[in-house]
Amino acid sequence: MIFQRSAFILVLIILLCRLQAQGQDAILRGVVRDSIGKPIEAVSVSINGEPGGTITDQKGKYELRVSPYRELTIVFSFIGYGTEKISVKLNPGEERNLDIRLRNTSKILGTVNIEAARPGDLTVVRIEPRTIEQLPNVSGNFESFLKTMPGVVSNNELSSNYSVRGGSFDENLVYVNDIEIYRPFLVRAGQQEGLSFINPDLVSEISFSAGGFSAMYGDKMSSVLDIKYRIPKKFGGSAYASLLGAGLHLEGSSKNEKFTWLGGLRHRSNQFLLKKLDTQGEYRPKFTDVQTLLNYKLGAKTEISFLGHYSMNQFRVIPSSRETEFGSINEALRFTVYFDGQEIDDFRTSTGALSLTHHINDSLKLKFITSAFYSREKEFFDVLGQYFLDELERDLGSDEFGDVAFNRGVGAFLDHARNELEAFVSTAAHVGSYRVRRHQWQWGLKAQREVIDDQLDEWQYRDSADYSVPHPNDQPGQNGNPNQQIVLNGVVKNKISLSSSRFSAYLQNTWNYDHFTFTLGLRSTYWDLNKEMNISPRAGLSFRPSWSKRLSFRAAGGIYYQPPFYRELRNLEGQINKNLEAQQSIHFVLGSDYQFLAWGREFKLSSEVYYKRMNNLIPYKLDNTRIRYLAKNNASGYATGLDLRVNGEFVSGIESWVSLGILKTEEDIRGDGYYRYFNSDGEEIIPGYTFNSVATDSLRVNPGSIPRPTDQRITFSMFFQDYLPKFPTVRMHLNLVFGTGLPFGPPGNDRYKDILRAPSYRRVDIGFSKIAIDEDGENKSRLPVVKNLKSLIFSLEVFNLLQVSNTISYTWITDVSGRQYGIPNYLTSRLLNFKMQAKF
């Protein structure tokens, strides 16, 4: 606790020192005009060799904060005008006026074909990949940056899973170069997960929508993450190495630029990180993936592309012991476990996609895609644990404060699994676009085949003080002898083979009229397993008023269907429900963007208010990263909230942002009522745990609406970057995430019990970097060893700076009296990591 307070004070000191340093900055302001004295709007004003800057307003005015004592070159540039460079050197606190005139140098240009990456996606936020390169990231996964976006919830830094606006992990679409990406099925904990598909070193474009997305995107209810990989122009690459892993990427192009290639290799081992968990033992995680993107131009208007990916994620642990302290000052408890056995997991996935793109003319584009995904997964474990539950001495004046006062109970558990799964998904698709005057037509067709083979064999045994829990009914066995039956928990035994086909199509049109953009689309799906067809209309409108170029409004909505995939079909007992129908979510989204000047720099305030009405929901239980569905369409619900985000240069030259999300999501499960039973003394009888007692009275309880598993009411995140004014190559990168507690409850099918709240998620990661060689051309080294490097950065990262013990899930034990204890499973503690990055 003392260190947490000290670390928090350290963060405040860093921010306050930054504010004080900004107060000592000098200010350069003025007006930019053309040759006849007319003010020019949107002129870029920047410092040569440093990122960022500002732009002029409608009256040609600008204001730029600059570091004192340094000889700086101020660059004024605008399309159609000559660039002006002025050298200045200011004193601390000095305010200087500098007016500039730019000369018109417009020339007649040839025809240029400009095409938006995704026309009509009015709710999509685009993020510059370079902005998040230095984001402190303990998992190494690309999706970690999404946790800083409004509306996104993820309380597990080890996992790439995330939920958006009250949805589940399975409700998010991920595309790479128009190919839908799939995830392993059997992963149940973040430490097993390994590397996600997206390789950050290969990314050129990032687009994200938290809801209200257009019909061109597929059949999920919550969000879309759309990634584009880079098309290289010349040979280059990058490499990184840290205490947690290493990676290499290479790219190049033929001399005539007809053939381009891009490839990446990553290897990661979280062994150093997992030693910080409560469960001690021998961890052997190995995560490796390789992927490539090949492009070849068959002609001026035709090109063929191949995207390939192979991933091998292996996790092995031989646990030895665990000690976890939990509870409150009035009831401080210690859970101690000694283990025997091991866990071995192996997840291997591969993806291949071939696409052919042909431009009939400047207006008509056709693309044909075939892809295949294969996953082979194994989850084997036999882990025996013998535990002691002790109450600790809580008298502050006692010499034995914090030691064991007395034992609450002893017991043992045995977890067993032999689960194997193979999945093969193949697709054939066509997408096209046609532009005519102010209209942009887009369409798509897709056929998909799925083959799943799943062999399930898992169970749990619980023993408390030499009693099997739950205890068998207190009834005589054969020949009048006591019943010696052993009851196992969580028994799942089944062998499943499932094959089916899906078909989908969409058509949408985007109109552009002056200050308005309107998108109207229709999407249809059909699945031959349950013979269900769905029609999904979607629409979006954006408006930029003529009286303000800095303000825009948007509205979007539609009906979103999510046909079940394999995991939704399987219930907690491992049985398949082939009659399960698609879940439905009706989106209503209103949003606005406002660009404003502060401290002489551009900022953007984005806000969205939303409401989602959900029907035909499939309730599920969430344990760590594992989703276990009840496989019934017996719930309805809603999600409503507000998302806010401010991004810009809080410090001149480096972008940062702050996000705030407010959410409430609930569901009402039909038929989830239950009875409470009481004996003649008014004492409640717990079936399976209360012995030698007869029920004489009962009470029917209808739970009504309960929070969904992802009901995190408030989330706040900040990604803040800074540098030393006199040494701008020394930088700081701060990632802060806060989220109120998520609902949880004991194991079993009864969702109405999941109304307890876990503690809030609080995490601060901080990184310090030194730019030895600057990618923008500054600080070039003359050493022969590194003269060919474009950039070289050394980083020191401190993960979980405040040493907060965040809870990801609970281990449940029960004593013979029927009382259940939820033992918190904590995430990683503080860790130092050294990292080196180079580009060439």
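Mind listing whichever residues of the stretch 141-154 are touching a helix residue (DSSP H, G or I) at 6+ places or on another chain (Cβ under 9 Å) and either within 23 Å of residue 629 (Cα to Cα) or part of a loop (DSSP other than H, G, I, E, B) (or both)? If you could, list the steps in order and put the result at the bottom.
Taking the stretch 141-154 first, the residues touching a helix residue (DSSP H, G or I) at 6+ places or on another chain (Cβ under 9 Å) are 141-142, 144-145, 148, 152-154.
Those that are touching a helix residue (DSSP H, G or I) at 6+ places or on another chain (Cβ under 9 Å) and either within 23 Å of residue 629 (Cα to Cα) or part of a loop (DSSP other than H, G, I, E, B) (or both): 141, 152, 153, 154.
Kindly provide the set of residues from the stretch 21-44 that are modelled with pLDDT of 85 or more and assigned to a strand (DSSP E or B), ordered by number.
Selection gives 27, 28, 29, 30, 31, 32, 33, 39.
Hey, can you tell me all the residues within the stretch 696-732 that are more than 24 Å from residue 630 (Cα to Cα), among the basic types (Lys, Arg) and part of a loop (DSSP other than H, G, I, E, B)? Walk me through how you get there before you give the answer.
Within the stretch 696-732, the first condition is being more than 24 Å from residue 630 (Cα to Cα), and the residues that meet it are 696-699, 713-732.
This time we only want the ones that are among the basic types (Lys, Arg), so: 713, 726, 731.
713, 726 - these are the residues of the stretch 696-732 that are more than 24 Å from residue 630 (Cα to Cα), among the basic types (Lys, Arg) and part of a loop (DSSP other than H, G, I, E, B).
Quick one: is residue 602 farther than 30 Å from residue 532 by Cβ, open to solvent by 30 Å² or more (accessible area, probe 1.4 Å) and either of a type in the set (A, V, I, L, M, F, W, C) or assigned to a strand (DSSP E or B) (or both)?
Numbers: farther than 30 Å from residue 532 by Cβ: yes; open to solvent by 30 Å² or more (accessible area, probe 1.4 Å): yes; either of a type in the set (A, V, I, L, M, F, W, C) or assigned to a strand (DSSP E or B) (or both): yes.
Yes, satisfied.
What are the residues in the stretch 498-520 that are in a strand (DSSP E or B), over 31 Å from the mean Cα position of the chain (by Cα) and free of Cβ contacts under 8 Å to residues at least 60 places away in the same chain, if any?
So in the stretch 498-520, the residues in a strand (DSSP E or B) come out as 498-513, 516-520.
Cutting the leftovers down to over 31 Å from the mean Cα position of the chain (by Cα) gives us 511-513, 516.
Within the stretch 498-520, 516 is the sole residue that qualifies.
Could you check, for the stretch 643-657, whether at least one of its residues is touching a helix residue (DSSP H, G or I) at 6+ places or on another chain (Cβ under 7 Å), of a type in the set (Val, Ile, Thr), more than 29 Å from residue 617 (Cβ to Cβ) and crowded, with 19+ Cβ neighbours inside 10 Å?
yes
Return the residue satisfying two criteria in turn: it lies in the stretch 305-327 and is open to solvent by 20 Å² or more (accessible area, probe 1.4 Å) and polar (S, T, N, Q), and of such residues it is nearest to residue 230 (Cα to Cα).
314
Looking at 330, 295, which one is among the polar types (S, T, N, Q) and either open to solvent by less than 30 Å² (accessible area, probe 1.4 Å) or without any contact (Cβ under 8 Å) to a residue 40 or more places away in the chain (or both)?
Numbers: 330 fails: either open to solvent by less than 30 Å² (accessible area, probe 1.4 Å) or without any contact (Cβ under 8 Å) to a residue 40 or more places away in the chain (or both).
One residue alone meets the criteria, 295.
Of a type outside the set (Val, Ile, Thr) and open to solvent by less than 20 Å² (accessible area, probe 1.4 Å), is that true of residue 182?
no
Please pick out the residue among 302, 288 that is crowded, with 17+ Cβ neighbours inside 10 Å, polar (S, T, N, Q) and in contact with a strand residue (DSSP E or B) (Cβ under 7 Å, 6 or more places away or on another chain).
On the way: 302 fails: crowded, with 17+ Cβ neighbours inside 10 Å.
Only one candidate passes the filter, namely 288.
Sort out which residues of the stretch 737-751 are open to solvent by 30 Å² or more (accessible area, probe 1.4 Å), touching a residue at least 40 places away in the same chain (Cβ under 8 Å) and outside any loop (DSSP other than H, G, I, E, B), and write them in order of number.
Answer for the stretch 737-751, where residues must be open to solvent by 30 Å² or more (accessible area, probe 1.4 Å), touching a residue at least 40 places away in the same chain (Cβ under 8 Å) and outside any loop (DSSP other than H, G, I, E, B): just 744.
Take residue 246 and tell me if it is open to solvent by 20 Å² or more (accessible area, probe 1.4 Å), under 28 Å from residue 829 (Cα atoms), of a type in the set (A, V, I, L, M, F, W, C) and under 23 Å from the mean Cα position of the chain (by Cα).
So residue 246 passes the test.
Please find, within the stretch 612-628, the residue that is surrounded by the most Cβ atoms within 10 Å (Cβ to Cβ) out of those that are within 21 Å of the chain's Cα centre (by Cα) and not aliphatic (A, V, I, L, M). First the steps, then the outcome.
Restricting attention to the stretch 612-628, the residues satisfying the condition of being within 21 Å of the chain's Cα centre (by Cα) are 612, 620-628.
Now drop any that are not not aliphatic (A, V, I, L, M), which leaves 612, 620-621, 623-626, 628.
Working: 612: 24, 620: 22, 621: 19, 623: 17, 624: 20, 625: 21, 626: 17, 628: 18.
Looking at residues that are within 21 Å of the chain's Cα centre (by Cα) and not aliphatic (A, V, I, L, M), I get 612.
Does the stretch 572-581 include one or more residues that are more than 16 Å from residue 633 (Cα to Cα), surrounded by fewer than 16 Cβ atoms within 10 Å (Cβ to Cβ) and either at pLDDT below 95 or of a type in the set (A, V, I, L, M) (or both)? I'd like the intermediate steps shown before the answer.
Taking the stretch 572-581 as the starting set, the residues that turn out to be more than 16 Å from residue 633 (Cα to Cα) are 573-574.
Going one step further and asking which of them are surrounded by fewer than 16 Cβ atoms within 10 Å (Cβ to Cβ), we end up with 573.
Then drop every residue that is not either at pLDDT below 95 or of a type in the set (A, V, I, L, M) (or both), which leaves 573.
Checked against the condition, which is being more than 16 Å from residue 633 (Cα to Cα), surrounded by fewer than 16 Cβ atoms within 10 Å (Cβ to Cβ) and either at pLDDT below 95 or of a type in the set (A, V, I, L, M) (or both), the stretch 572-581 yields at least one hit.
State whether one or more residues within the stretch 691-710 are under 30 Å from residue 550 (Cβ atoms) and either open to solvent by 30 Å² or more (accessible area, probe 1.4 Å) or in contact with a Phe, Trp or Tyr (Cβ under 6 Å, 6 or more places away or on another chain) (or both). Even if it seems obvious, please write down each step before you answer.
At the first step, the residues of the stretch 691-710 found to be under 30 Å from residue 550 (Cβ atoms) are none.
For the stretch 691-710, residues under 30 Å from residue 550 (Cβ atoms) and either open to solvent by 30 Å² or more (accessible area, probe 1.4 Å) or in contact with a Phe, Trp or Tyr (Cβ under 6 Å, 6 or more places away or on another chain) (or both): absent.
Could you list all residues from the stretch 349-381 that are open to solvent by 40 Å² or more (accessible area, probe 1.4 Å), of a type in the set (Phe, Trp, Tyr) and within 27 Å of the chain's Cα centre (by Cα)?
374
The values are calculated or read from the model by the stated rules, or taken from the named source; none is laboratory data. This structure is a prediction, so every number in the text was calculated from the model and none was measured. Note: ideal-geometry Cβ built from the backbone for every residue, glycine included; neighbour counts use all protein chains shown. For accessibility, only protein heavy atoms count, side chains too; no ligands or nucleic acids. Shrake-Rupley method; radii C 1.70, N 1.55, O 1.52, S 1.80 Å.
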